[in-house]
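What follows is calculated from the coordinates using simple rules that are stated; it is not laboratory data. This is a predicted model, so every value here is computed, not measured. Every residue, glycine among them, receives a Cβ derived from its backbone with ideal geometry; neighbour counts consider all protein chains shown.
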Amino acid sequence: MDMRFSLSLPREEPSIPVVRRVVGHALRGMGVATDCVDDVLVALSEACTNAVQHARATGEYVVVGRVDEGVCTLKIMDWGRGGPRPAPGERGILSESGRGIKIMRALVDDLDIDSSPDRGTIVHLRKRLTWRDEALVRRLDRRLSRSAG
């Protein structure tokens with residue numbers, strides 16, 4: 001089962017629960033396990049929060065998602081100033097800066113951040129999905145294997 005979507009959102013905090021709701025409903029509807037959906041949504045929220053708070057540009061940010069072959073891939077793009085992030089040692093021990101990146105890294109299988117002053121920032125999140133036993137994907141797989149055999 002393959003799913004693709006694209007959301008263009010205003011760079012305002014109320015957009016973050018909207019994108020969480022859309023992506024969460026889609027993943028749950030496909031039969032993704034609750035704990036896996038929760039991991040994806042927390043990582044997505046962190047990336048969207050960074051776009052809203054740090055992009056330094058007015059307008060919108062975009063979330064593009066895809067579920068294919070049991071993997072959820074999300075791309076969060078803004079057109080802010082971008083640029084290099086300070087190294088972890090350059091932050092104070094009590095600094096909150098950079099915690100979102102650590103959280104995202106802990107919850108997804110792959111995290112990549114492409115940031116430059118002329119293009120803005122693109123956050124790539126990739127997570128292998130786990131499924132509930134009654135998931136639509138599992139039922140379809142069983143039907144296909146029976147009809148092929």
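So the values come out like this:
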quantity	calculated
Relative packing of peptides 122-130, 34-42 - highest average C-beta neighbours within 10 Å first	122-130, 34-42
Proxy reagent accessibility, fewest Cβ within 10 Å first, across L9, L44	L9, L44
